[in-house]
Each structure stands twice: as structure tokens, then as C-alpha cells.
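Each remark here refers to the structure printed beneath this line.
The values are calculated or read from the model by the stated rules, or taken from the named source; none is laboratory data. Please read all numbers here as calculations on a predicted model, not as lab measurements. Glycine also receives a Cβ, built like all others from the backbone with ideal geometry; neighbour counts cover every protein chain displayed.
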Ligand code: NIG
Ligand code: FE
């Protein structure tokens, strides 16, 4: 048995109370803070939280065998969860970034064969080893920014062999790296270039061949689609998500990013775990998501990097939708691995308080990948994934913006970064 004792936290943000369903409305502002907080950890599990004097007394006989971390003057919070990344791909697209800075548009670049198509060409050419070696440093960077679990989508193969390779790399990275990786199949990222003139034929392949194979492989828990004009229509998206569901892959959707297109409504209809982006979501879509408890995964870095107005996080929270945050780490629309920066942006561009940004990046982000029962808060029985932040109170998290406040990351009860 190994013991770890974290003590003297200026603020221990347990974010307790929302493990069975995500936090909504005013619950998103409640961090269940313990001042002079302490956490007792045995092996990879949280055993108890409380004040430092209380836990020191209670665990007095085991304390001598424990590793002790003094968090004096600091904030202790749950490990951050990133529920939407395109982690595994080859190459990079700073050339398109430079074109966009001179007026080119993201969707136009893609329609002309760049964008997702460009990364697909590079990824199709890459071996397992190349994909692994290019993707692993991204996980190192996530860890340094306090992230202990990430979701990872396929979608730069768009033929089964390459989609599978991407998911195998994600799985191997999850096994080798201290950060946990959760797999999502996204064969329906765009219509593969070679099916440009017959998109329905590609949808048939996704539905009839790739989805059953993805489910069978055990490499993915979720099935995602990019529902947007010029990519997948609402009808195609519904068909793809329902097919996934029939094979046991839970639906997720890239919805209403560029224009209102009915993606949020589809998410509610098919019982999606999350609908992501939502910059242009309709009021009806938000209402339906709130009724069904679909998590809104908002990606403020994508809006920032594409130089567009961010999603209205305030409005989503006030409508009763559970909100989560993510980097959307990908080479085209958001090449950042900094969840803390996303939290800064959530406050400064989406009207979210620091407390709401923290809830959105911990317990609600865990719910967005169906992990709310095991991670995302500091509660007895949960996996011991915690971060000690170099700030005296949680308001400074998004007030001191653009700074990585990570002091120490603890993953499964072990110091993973210090
Ligand atoms: O979430 N919207 C679609 N997919 C990604 C972008 C992928 C890329 O540009 O390579 C996104 O923004
Ligand atoms: Fe994405």
C-alpha cells in the first residue's frame, strides 16, 4: 500500500456532488471549497478529503509511511479533462494559418483541397511509428498544462486501414503515457476526397463498413460526425450517429460551428453524449439539449484561432445546458494543448466565471466522455488525478491569464509532473 498526503491547500476545490449527472446552472459555480484542505490517497484512489488538522489527526498512525506534499499558498483541484481532441495526425498546417492571416477562409481552404484533406494526405502516408512519435509530445504538453485525461478522435484517414491505425496509435499512447486516452471513431470527419462527386457512397461506406469495424475493434467508445454545410448534412449525420449507436458507439457531434444547421437538435434527438462547437446554435437547439442533458463541449480556442466570435457560454449555462470546455487540439483550427488558456478564454470571451470554467474543465468534461463516476472531482473512491496550481485562490486561475499555473500533477496517486 502506498500513501500520499496533500496538505495545507489554501483552497481545495473538490468540485464534489455532480458525479452521477453533470453540473448545471448555479451548480457550475459551486466548487465545494475546503480551506486549509487536505487529501488522503491510498494507491491510486482518493480515500478522504477534509481540513489539514482533521486528516492529520485521523491518519496519524499511517502518516510516517506517507509521501507528503505541502500545498501551502496553493490551489488543489481535480486533474483537467480534455473531452475533444484530434490528437493523432501527421504534419502541421502553419502555411494555412499564414494564408488565413491574409484573408483566406478556413472552409474555402478545405474546399480547395487543403484543411482536413491536407492532414489526411499526410496521415495516410505516415507509419504507425511516425504517427506515434509525432503525437506523443502533444500528450506531454497536455500533462504540463494539468490535463490528466484526453479524448482522441480518428478522422484523418477516411479509409478503414488508416482510421484504424490512428485509433491504434491513440490506444498505445494511452497505455504508454501517464495521461489516459479515450478513443472516438470519426470516419465522418469530411467526405473523403475520392468521393467528392458521390458523397452518399462515402456515407454508405462509413455506415455499412467502417462503423461496424470500429465497434468490433474495441478501439473506440464514441462515434463523431462533422455536421456542417458542405460536409455532412443533418440527414447524413443522423444516419451516421444512429448506425454507431446500433453498434454500441455513443454519439458525439461537431455541431453548428459555422452556421445554424440543426446539429444541436440532432444531438438531442439521438441522445448524444455531447454536442461540440455550437457557435451558431439555435435557441431551440439549446432548449432541446438542456432537456436531454446533452453536454455542450465549447471550444473557445477554435473561435480565437479562426478569429470568429466565440460560442455564448453564458447563454448555454443560463439555458440549463451542462457546459464543458476543450482545446479541440488539431492542426487546422486549434493547435493549442493549453486547457488553462481555454479557461481564460471561457471567462474573457464567453462570459463564464472562473468557477464555471473550472467545473467545465473537470467534472463536466468528464461527463462529456462518460467518466463522471470515476474522474473529474476529488471525492472518496475516485481515481486520484489532481493538480496543484501555483495560485492562492481559484479566481486567479483565469484572472492571471495566459500563464500556465501548473505546479504538480498527480495521476493515479503518483507524481506525474513536478
Ligand atoms: O473540430 N471541425 C472539424 N474538425 C476540426 C478541425 C480539424 C482540422 O482543421 O484539421 C475541428 O475544428
Ligand atoms: Fe474537433
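Restricting attention to the range 267-293 and to residues that are on the phi > 0 side of the Ramachandran plot and away from ligand 1 (no atom under 15 Å from the Cβ), the residue that is surrounded by the most Cβ atoms within 10 Å (Cβ to Cβ) turns out to be 293. Take the range 248-263 and flag every residue that is surrounded by 17 or more Cβ atoms within 10 Å (Cβ to Cβ) and away from ligand 1 (no atom under 15 Å from the Cβ). The answer is 249, 250, 251, 260, 262. If only residues of the range 314-343 that are assigned to a helix (DSSP H, G or I) and over 16 Å from the mean Cα position of the chain (by Cα) are counted, the one that is nearest to ligand 2 (Cβ to nearest atom) is 316.
In the range 54-74, the count of residues that are closer than 22 Å to residue 150 by Cβ and modelled with pLDDT of 95 or more is zero.
If only residues of the range 50-101 that are in contact with a helix residue (DSSP H, G or I) (Cβ under 8 Å, 6 or more places away or on another chain) and in a strand (DSSP E or B) are counted, the one that is farthest from residue 374 (Cα to Cα) is 75. Residues that are without any contact (Cβ under 8 Å) to a residue 40 or more places away in the chain and within 16 Å of ligand 1 (Cβ to nearest atom) were ranked within the range 310-339; the one that is nearest to residue 23 (Cα to Cα) is 311. Within the range 211-238, the set of residues being at positive phi and either within 22 Å of the chain's Cα centre (by Cα) or not assigned by TED's automatic domain parsing to the domain that holds residue 88 (or both) comprises 218 only. Going by what's in this entry, would residue 241 be described as surrounded by 15 or more Cβ atoms within 10 Å (Cβ to Cβ), over 13 Å from residue 154 (Cα atoms) and within 21 Å of the chain's Cα centre (by Cα)? Yes: the conditions hold for residue 241.
Set side by side, the residues 50, 79, 73 differ, and just one is within 19 Å of residue 358 (Cα to Cα) and either free of Cβ contacts under 8 Å to residues at least 40 places away in the same chain or surrounded by fewer than 17 Cβ atoms within 10 Å (Cβ to Cβ) (or both), which is 73. Of the numbered criteria (1) over 23 Å from the mean Cα position of the chain (by Cα); (2) surrounded by 20 or more Cβ atoms within 10 Å (Cβ to Cβ); (3) more than 23 Å from residue 340 (Cα to Cα), the one residue 9 fails is (3). Applying the criterion of being touching a strand residue (DSSP E or B) at 6+ places or on another chain (Cβ under 8 Å) and part of a strand (DSSP E or B) to the residues of the range 185-199, the residue that is farthest from residue 84 (Cα to Cα) is 188. Residue-level check: of (1) under 21 Å from residue 375 (Cβ atoms); (2) in contact (Cβ under 8 Å) with a residue 60 or more places away in the chain; (3) surrounded by 20 or more Cβ atoms within 10 Å (Cβ to Cβ), residue 189 misses just (1). Only a single item in (1) more than 16 Å from ligand 2 (Cβ to nearest atom); (2) under 15 Å from residue 328 (Cβ atoms) is not met by residue 87, and it is number (1).
Considering the conditions (1) out of contact with any helix residue (DSSP H, G or I) (no Cβ under 7 Å at 6 or more places or on another chain); (2) within 23 Å of residue 249 (Cα to Cα); (3) within 16 Å of ligand 2 (Cβ to nearest atom), residue 371 is excluded by exactly one of them, (3). Among the numbered conditions (1) in contact (Cβ under 8 Å) with a residue 40 or more places away in the chain; (2) buried (at least 18 other Cβ atoms within 10 Å of the Cβ); (3) in a helix (DSSP H, G or I); (4) away from ligand 2 (no atom under 16 Å from the Cβ), the only one that residue 149 does not meet is (3).
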